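Novice: Structure in structure tokens, see below.
The values are calculated or read from the model by the stated rules, or taken from the named source; none is laboratory data. All of these numbers come straight from a predicted model, not from anything done at the bench. Because the Cβ atoms are built from the backbone with ideal geometry, glycine has one as well, and the counts that use them run over all protein chains shown. Please note that ligands, DNA and RNA were not included when accessible areas were found on the heavy atoms of the full protein model with its side chains. Shrake-Rupley method; radii C 1.70, N 1.55, O 1.52, S 1.80 Å.
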Amino acid sequence: MRLRTALCSTVSTLSALALLSACSSGSSTSASGDAPLVGVDYPRSDTDFWNSYIKYTPEYGKKLGLSLKTTNSQNDVAKLTANAQTFISQGVKGIAMAPQDTAAIAPTLAQLEAKKIPVVTVDTRPDSGKVFMVVRADNRAYGEKACQYLGTKLGGKGKVVMLEGGLDSINGRDRTEAFNACMKKNYPGIKVFGEATNWDGAVAAQKLQTDLTAHPDIKGVYMEASFALSGTLQVLKQKGLLVDPTDKKHVFVVSNDGIPEELKSIAAGKIDATVSQPADLYAKYALYYLKAAIDGKTFKPGKTDHDSTIIQVRDGVLEDQLSAPLVTADGGTYGGVPSVKSDDKALWGNNLG
């Protein structure tokens, strides 16, 4: 996920402590004097999802007995490259990163491989190059789950807007392609207006407003991440469409992330569903696999002991696809896809404190 502009000043609802951690460069959290030193580059600090990841990272670092050096590349691959050089100079034994431009990171990965510094990528998978493990959820499933929910709610007919993420990201491509393919196969009576937003909330809101003006009979919105939540709610309110799900004017909205504000919006009837992307488990297993790499462990494709599946993406790249459930108000099943209720305490978005 990424926005065109990433600033350390943020409207996040998370604590100032998390923001301070996100905006610092080269800060460290030490578990013990003998703890292996690893580098973690945070990709951004302007969304609740990534600020949640930032909050969880030092907690799991301490639990796993690791010392951390952290940086923030703020959606800039040049900064990520520079931060990797800093980590090398600091003598880290491994690096976790979440490259938002999944093509441009290849030279940095090649350099780290040459220096025998293992890399775990979080949330995104590099288009080329080797990493020890990719930790993400099945992003094609995100698009399919959103499709099945909207297709069911609209009875297979009508118009929906898809507010796409950045197509330079494997996540944006996976979600977009899967949503389109699912609609074409299962709900051919639904017209999809795909809108490129580059993960920019302002762009998403402007394009949604344009679509609703031109097509006032639009009945569904798929936001590929919570970056579009605030703007979408504002546009719907301005159009008189932010109404209870039982009102015939209601526009069904599905998001991806599972942040607290999404869960609250589902409970309030403002949006209808999301896919909970596990910020807590991203932090936990990114560091888990870094420690495993340092310890000389190896992994193979197959089921894990934490309700996920490791797949081989290509030679030299394994991906641990963590669970990411559909979340709704009623916990029902839509198009064969089960969901969990938005108030379920097992959801990380309900446990931030």
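Novice: Give Ser21, Ser9 a once-over and let me know the one that is under 30 Å from Ala204 (Cα atoms), small (Gly, Ala, Ser), modelled with pLDDT under 50 and loosely packed, with under 14 Cβ neighbours inside 10 Å.
Specialist: Details: Ser21 fails: loosely packed, with under 14 Cβ neighbours inside 10 Å.
Matching residue, one of Ser21, Ser9: Ser9.
Novice: Residues being under 27 Å from Thr47 (Cβ atoms) and in contact (Cβ under 8 Å) with a residue 40 or more places away in the chain: count how many of those fall in region 319-339.
Specialist: So the count comes out to 14.
Novice: Quick one: in region 161-186, of everything that is within 18 Å of Asn198 (Cα to Cα) and touching a Cys at 6+ places or on another chain (Cβ under 8 Å), which residue is surrounded by the most Cβ atoms within 10 Å (Cβ to Cβ)?
Specialist: Phe179
Novice: If you don't mind, another one. Conditions: (1) in a helix (DSSP H, G or I); (2) in contact with an Asp or Glu (Cβ under 8 Å, 6 or more places away or on another chain); (3) not acidic (Asp, Glu). Gln206 meets all but one. Number of the miss?
Specialist: Among (1) in a helix (DSSP H, G or I); (2) in contact with an Asp or Glu (Cβ under 8 Å, 6 or more places away or on another chain); (3) not acidic (Asp, Glu), the lone unmet condition for Gln206 is (2).
Novice: Just for strands (runs of 3 or more DSSP E) wholly inside region 236-353: which have at least 3 residues that are more than 18 Å from Asn171 (Cα to Cα)?
Specialist: 337-341
Novice: Pairs needed: first member in region 91-117, under 10 Å from Ser128 (Cα atoms); second member anywhere, part of a helix (DSSP H, G or I) and open to solvent by less than 60 Å² (accessible area, probe 1.4 Å); C-beta distance under 7 Å; at least 6 residues apart or different chains.
Specialist: Matching pairs, first to second residue: Thr102/Ile170; Ala104/Val77; Ile105/Val77; Ile105/Leu80.
Novice: Which one is nearest to Gly143 (Cα to Cα) among residues in region 162-202 that are among the small types (Gly, Ala, Ser) and part of a loop (DSSP other than H, G, I, E, B)? Quick ask: steps written out before the conclusion?
Specialist: We begin by selecting, within region 162-202, every residue among the small types (Gly, Ala, Ser); these are 165-166, 169, 172, 178, 181, 189, 194, 196, 201-202.
Next, from what is left, pick out any that are part of a loop (DSSP other than H, G, I, E, B): 165-166, 169, 189.
On the way: Gly165: 12, Gly166: 14, Ser169: 14, Gly189: 18 Å.
If we take residues in region 162-202 being among the small types (Gly, Ala, Ser) and part of a loop (DSSP other than H, G, I, E, B), then Gly165 is nearest to Gly143 (Cα to Cα).
Novice: Follow-up question, since we're still on this one. Determine whether Thr108 is closer than 16 Å to Arg175 by Cα and either among the polar types (S, T, N, Q) or under 21 Å from the mean Cα position of the chain (by Cα) (or both). It would help to see each step written out before you state the result.
Specialist: On the way: closer than 16 Å to Arg175 by Cα: no; either among the polar types (S, T, N, Q) or under 21 Å from the mean Cα position of the chain (by Cα) (or both): yes.
Judged against the criteria, Thr108 is not a match.
Novice: So if I check each of Gly143, Gly172, Gly158, Gly194, which one is modelled with pLDDT under 95 and not aliphatic (A, V, I, L, M)?
Specialist: On inspection, the qualifying residue turns out to be Gly172.
Novice: Which of (1) over 30 Å from Asp200 (Cα atoms); (2) modelled with pLDDT of 95 or more does Val120 not meet, given it meets every other one?
Specialist: The single condition Val120 does not satisfy is (1).
Novice: Any idea which of Gly332, Gly302 is of a type outside the set (Lys, Arg), farther than 24 Å from Asp127 by Cα and open to solvent by 10 Å² or more (accessible area, probe 1.4 Å)?
Specialist: Working: Gly302 fails: farther than 24 Å from Asp127 by Cα.
That would be Gly332, the only listed residue that is of a type outside the set (Lys, Arg), farther than 24 Å from Asp127 by Cα and open to solvent by 10 Å² or more (accessible area, probe 1.4 Å).
Novice: Restricting attention to region 282-295, does a residue exist that is under 30 Å from Met162 (Cα atoms) and open to solvent by 70 Å² or more (accessible area, probe 1.4 Å)?
Specialist: No, because not a single residue in region 282-295 is under 30 Å from Met162 (Cα atoms) and open to solvent by 70 Å² or more (accessible area, probe 1.4 Å).
Novice: Can you name the residue in region 121-156 that is touching a Phe, Trp or Tyr at 6+ places or on another chain (Cβ under 7 Å) and small (Gly, Ala, Ser) and is also surrounded by the most Cβ atoms within 10 Å (Cβ to Cβ) among such residues?
Specialist: By that ranking, first place goes to Ala146.
Novice: Continuing with this model, one more query. For the structure I just gave you, tell me whether Ser276 is of a type in the set (S, T, N, Q) and buried (at least 18 other Cβ atoms within 10 Å of the Cβ).
Specialist: In short, yes.
Novice: A further question on this structure: If we keep just the residues of region 41-88 that are more than 26 Å from Asp168 (Cα to Cα) and part of a loop (DSSP other than H, G, I, E, B), which is least open to solvent (accessible area, probe 1.4 Å)?
Specialist: Leu66
Novice: Another question about this same structure. Go through the residues of region 312-326 one by one and say whether even a single one is among the β-branched types (Val, Ile, Thr) and crowded, with 20+ Cβ neighbours inside 10 Å.
Specialist: no
Novice: To continue, here is another question. I'm trying to understand the selection: among the residues of region 248-258, which are in contact with a Leu (Cβ under 9 Å, 6 or more places away or on another chain) and either over 27 Å from Glu144 (Cβ atoms) or open to solvent by less than 10 Å² (accessible area, probe 1.4 Å) (or both)?
Specialist: Lys249, His250, Val251, Val253, Val254, Ser255, Asp257, Gly258
Novice: So if I check each of Asp272, Asp280, which one is among the charged types (D, E, K, R) and in contact with a Lys or Arg (Cβ under 8 Å, 6 or more places away or on another chain)?
Specialist: Values: Asp280 fails: in contact with a Lys or Arg (Cβ under 8 Å, 6 or more places away or on another chain).
Just a single option satisfies the conditions, and that option is Asp272.
Residues checked against (1) in contact with a Phe, Trp or Tyr (Cβ under 9 Å, 6 or more places away or on another chain); (2) farther than 25 Å from Lys55 by Cβ:
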site: Asn171; (1), (2): yes, no
site: Asp174; (1), (2): yes, yes
site: Tyr222; (1), (2): yes, yes
site: Leu229; (1), (2): no, no
site: Leu236; (1), (2): no, yes
site: Leu242; (1), (2): no, yes
site: Asp247; (1), (2): no, yes
site: Asp257; (1), (2): yes, no
